[in-house]
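Here is the structure we will look at.
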């Protein structure tokens, strides 16, 4: 009998994922090396006062991107989510593929969101702002506004296209690593994710947890 192609497909996926991780690590090293060389090239001579570092919007965007991509909180979310999904679902997917799927989804989501935010001049430095209003309706409306809008450079709000696009892009990026997952499943999962984020904001607003005193 002809051997099943499934083990070979899984092996190819794992090798591809490892290559992507290596490329990402090398890219980060190159970027870090170039930044360090640029800083040292214009650095002060011995005995002179160090020049102040100019903070630009590009610096802030890049730092926010790295924080969202590879902070300890993000890594714990990827690993913890993958392990929890493995314990909850028994569809034959190996834990290695599950973790690769979660990591790919996270990287694609963050990259698309930050890339589009830079092109559209939207802020990625997100901090939930509690409403100073009173009453159930206005507070719920404010929580939903925080969930589905971003700040422009001038401080005004607009529909959070980068965040929404990133959520769907992450779901589609993880499809090759999960068995039996269709495009419809991805769309439904991404929509539920956005809905849960909105409900979390509503619960936080109404409960007041984290509200500064």
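Does the range 137-146 include one or more residues that are under 23 Å from residue 212 (Cβ atoms) and in a loop (DSSP other than H, G, I, E, B)?
no
Which ones in the range 97-117 are out of contact with any helix residue (DSSP H, G or I) (no Cβ under 6 Å at 6 or more places or on another chain) and farther than 12 Å from residue 69 by Cα?
Answer for the range 97-117, where residues must be out of contact with any helix residue (DSSP H, G or I) (no Cβ under 6 Å at 6 or more places or on another chain) and farther than 12 Å from residue 69 by Cα: just 115.
With 179, 151 as the choices, which residue is at pLDDT below 95, at negative phi, over 17 Å from the mean Cα position of the chain (by Cα) and assigned to a loop (DSSP other than H, G, I, E, B)?
Details: 151 fails: assigned to a loop (DSSP other than H, G, I, E, B).
Of the residues listed, the single one that is at pLDDT below 95, at negative phi, over 17 Å from the mean Cα position of the chain (by Cα) and assigned to a loop (DSSP other than H, G, I, E, B) is 179.
Give the residue that is surrounded by the fewest Cβ atoms within 10 Å (Cβ to Cβ), with candidates limited to residues of the range 141-157 that are touching a helix residue (DSSP H, G or I) at 6+ places or on another chain (Cβ under 8 Å) and farther than 11 Å from residue 117 by Cα.
Step one: filter the range 141-157 for residues touching a helix residue (DSSP H, G or I) at 6+ places or on another chain (Cβ under 8 Å), giving 142-144, 146-148, 150, 157.
Narrowing further to those that are farther than 11 Å from residue 117 by Cα: 142-144, 146-148, 157.
Numbers: 142: 18, 143: 22, 144: 15, 146: 23, 147: 19, 148: 18, 157: 13.
Result: 157.
Within the range 126-134, does at least one residue satisfy the condition of being surrounded by fewer than 17 Cβ atoms within 10 Å (Cβ to Cβ), in contact (Cβ under 8 Å) with a residue 12 or more places away in the chain, on the phi > 0 side of the Ramachandran plot and under 20 Å from the mean Cα position of the chain (by Cα)?
Scanning the range 126-134 turns up no residue that is surrounded by fewer than 17 Cβ atoms within 10 Å (Cβ to Cβ), in contact (Cβ under 8 Å) with a residue 12 or more places away in the chain, on the phi > 0 side of the Ramachandran plot and under 20 Å from the mean Cα position of the chain (by Cα).
For the range 180-202, which residues satisfy the criterion of being surrounded by fewer than 15 Cβ atoms within 10 Å (Cβ to Cβ) and in contact (Cβ under 8 Å) with a residue 60 or more places away in the chain?
Across the range 180-202, the qualifying residue is only 180.
The values are calculated or read from the model by the stated rules, or taken from the named source; none is laboratory data. Not measured: the values here are computed from a predicted model. Neighbour counts run over all protein chains shown; Cβ positions are idealised from the backbone, glycine included.
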